[in-house]
């Protein structure tokens, strides 16, 4: 046997299946704990309801530290008071408090020492004469663990975990539970802060008559904000189907582009695109197919225009492309390339390949206002339709007496 084969055999013989299984189990536990911690962190911001958040956190905790029953206890003065729990009758236990000033219960040691405490068997020997609670004794619980809830440098309460099996919890369990306790502490602090704010609002409402008028003013302001938001939504600049700019944006931006081109004494071309026989597509294949064609044409235009050009869905099956700094002839050449690129690129089953009719106009020759320029391009587009479709037509030169902005 060669040295390599012998080495491989030695490596195989050196593998300890039990050790490998233990390592894999440890990795799985670590991953499960990490995932549960992430979900617990998300739970803190998922709701303002303290019990809902704690319920989610305790559920995730159970994934990495088993318990039969659990409680969350808030520090109130010289007691920790049960405020939430899992597996316990909150009608019985909610509001039950445990003193933290003396040494009669492990709860006091958790809160004062800021550290976990484990009671291996609550019915066996332990140094806590006032523990367990009478209702606890009848619950079947044997092993108990308390973990502090630390917020900043302050202990604001604790989590207790109960197991029916004595001697169940270990220091490793305590370490895992501590990681979840930080999320529970944040949820508890949020609940306390929220409750404090509510109390302050109630006190101010009772103490100040002016608060009523302030609330009215606030409601009016909220109504104004909602009205403004609605107005802004109505003025959205994007066509929801194609993602191109919409007609409103075109007319508003075109006026600005015309002014800028006039100031810089450069031309501006406008190309109006209309899909040929679009109604046939809709009637034959349905509006979903028609929408697909519009989206495909929008994509073609989006990828063919230059920086500074503006592509818009003008309405229905019409598109407008504004080309600042572009002459009429150049615009017509570019439009014809778009037309050729489209042929065969969009060919729904059941109909002829999609084609477009295009009208091209330019400022200042065909007008210096958005309305005049769009009208000239529109007339040119209809001329393309009349001439047989699938072509580019430049607006009638007779409509273009002006060759410069100063004319």
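What follows draws every value from the coordinates through simple rules; no lab data is involved. As the structure is a prediction and not an experimental result, all values here were calculated from the model. Here the Cβ positions follow ideal geometry from the backbone for every residue, glycine too, while neighbour counts run over all protein chains shown.
Could you compute the FRET efficiency for residue 16 and residue 175, with r as their C-beta to C-beta distance and R0 at 35 Å, rounded to 0.05? Using R0 = 35 Å, I get an efficiency of 0.85. Between segment 52-116 and segment 352-375, the C-alpha centres lie 75 angstrom from each other. For segment 155-178, backbone nitrogen atoms closer than 16 Å to the point 7 Å from residue 126 Cα along Cα-to-C-beta are found at 158-171, 173-174. Please state the shape class of segment 157-243: rounded when a/c is under 1.5, otherwise prolate if a/b exceeds b/c and oblate if not, all from the C-alpha gyration tensor. It is oblate, given that a/c is not under 1.5 and a/b is not larger than b/c.
Per the Cα gyration tensor, segment 247-399 maps to an equivalent ellipsoid with semi-axes of 27, 15, 13 Å, ordered largest to smallest. Using R0 = 51 Å, the C-beta based FRET efficiency linking residue 222 and residue 387 works out to 0.35. If R0 is taken as 56 Å, the Cβ-Cβ distance between residue 167 and residue 231 corresponds to a FRET efficiency of 0.25.
Exposure proxy for 357, 213: other Cβ atoms within 10 Å of each Cβ, ordered fewest to most, give 213, 357. Rounded, prolate or oblate: which fits segment 75-212 when a ≥ b ≥ c are the square roots of the eigenvalues of the alpha-carbon gyration tensor, with rounded for a/c under 1.5 and prolate only if a/b beats b/c? Prolate.
Label separation (residue 201 vs residue 241): 4.5 nm, computed from points 7 Å beyond Cα along the C-beta direction.
The label point for residue 306 and the one for residue 51, both projected 7 Å from the Cα toward the Cβ, are 6.8 nm apart.
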